[in-house]
Ligand SMILES: CC(C)(COP(=O)(O)OP(=O)(O)OC[C@H]1O[C@@H](n2cnc3c(N)ncnc32)[C@H](O)[C@@H]1OP(=O)(O)O)[C@@H](O)C(=O)NCCC(=O)NCCS
């Protein structure tokens, strides 16, 4: 039975034992197509292990595993910017296709915004960059109070095609 007091979504640290689950979910072109080319395709176990090691070396933590009903579902991160941009942070996220449409990322964004506010008091503005065809991602941001501030025209090439990037932002406090 579902207990409404027990949250279905949890953010926690990645562990080396998550590597196989990451590969199972991440090795999918339908995820890759929506992300920057830093995200590998095909996604190999060595990619997962390298990513987990990187995540464990960042202090304070910026990369989180998203668990849904105690199962690995995907990843969410906050990247604090530096220098002139130290008042901003970029969020990024993906979950395995079998988990899409259950409200998981909408909840995960709420959690990462709370975490950002507590952990990085300098960050006043959180943003996300979304390719123009990714309506589901725009929707999860809007559901969390993000606003589309700008459309960066012909801003990148993804999958050999020139794409517009939508800049969504959220002001903390
Ligand atoms: C985009 C993504 C993060 C959404 O996560 P999710 O947990 O499935 O999202 P949610 O279930 O919280 O919400 C999805 C919303 O988008 C809507 N949606 C889904 N597909 C849509 C489409 N093609 N057009 C418009 N809205 C769409 C859903 O109806 C839902 O809105 P609702 O709650 O008002 O009905 C997930 O699909 C994913 O990981 N995609 C691949 C990686 C990616 O795109 N990352 C983001 C890069 S910017």
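Things worth noting here:
- In the stretch 56-66, the residues that are in contact (Cβ under 8 Å) with a residue 12 or more places away in the chain and either within 13 Å of the chain's Cα centre (by Cα) or assigned to a loop (DSSP other than H, G, I, E, B) (or both): 60, 61, 62, 63, 64, 65, 66
- Of the residues 83, 89, the single one that is closer than 15 Å to residue 168 by Cα, more than 8 Å from the ligand (Cβ to nearest atom) and at pLDDT 95 or above is 89.
- The residues in the stretch 76-94 that are over 27 Å from residue 9 (Cα atoms) and touching a residue at least 12 places away in the same chain (Cβ under 8 Å) can be counted, and the count is 2.
- Whenever a residue of the stretch 143-154 is over 25 Å from residue 103 (Cβ atoms), its partners that are modelled with pLDDT of 95 or more and more than 15 Å from the ligand (Cβ to nearest atom), lying with C-beta atoms within less than 9 angstrom and at least six residues away or across chains, give the pairs 154/162.
- Taken over the stretch 120-133, the criterion of being surrounded by 13 or more Cβ atoms within 10 Å (Cβ to Cβ) and either closer than 18 Å to residue 77 by Cα or more than 20 Å from the chain's Cα centre (by Cα) (or both) is satisfied by 120, 123, 124, 125, 126, 127, 128, 129, 130, 131.
- In the stretch 92-132, the qualifying residues are those that are in contact with a helix residue (DSSP H, G or I) (Cβ under 9 Å, 6 or more places away or on another chain) and assigned to a strand (DSSP E or B), and the one that is farthest from the ligand (Cβ to nearest atom) is 126.
- Some residue of the stretch 30-49 being exposed (fewer than 12 other Cβ atoms within 10 Å of the Cβ), part of a loop (DSSP other than H, G, I, E, B), without any contact (Cβ under 8 Å) to a residue 40 or more places away in the chain and more than 10 Å from the ligand (Cβ to nearest atom): yes
- Subset of the stretch 159-173 that is touching a helix residue (DSSP H, G or I) at 6+ places or on another chain (Cβ under 9 Å) and within 11 Å of the ligand (Cβ to nearest atom) - its residue that is farthest from residue 111 (Cα to Cα): 166
The values are calculated or read from the model by the stated rules, or taken from the named source; none is laboratory data. Here the structure is a predicted model, which means the values were calculated and not measured. Ideal geometry is used to build each Cβ from the backbone, glycine not excepted, and the neighbour counts take in all protein chains shown.
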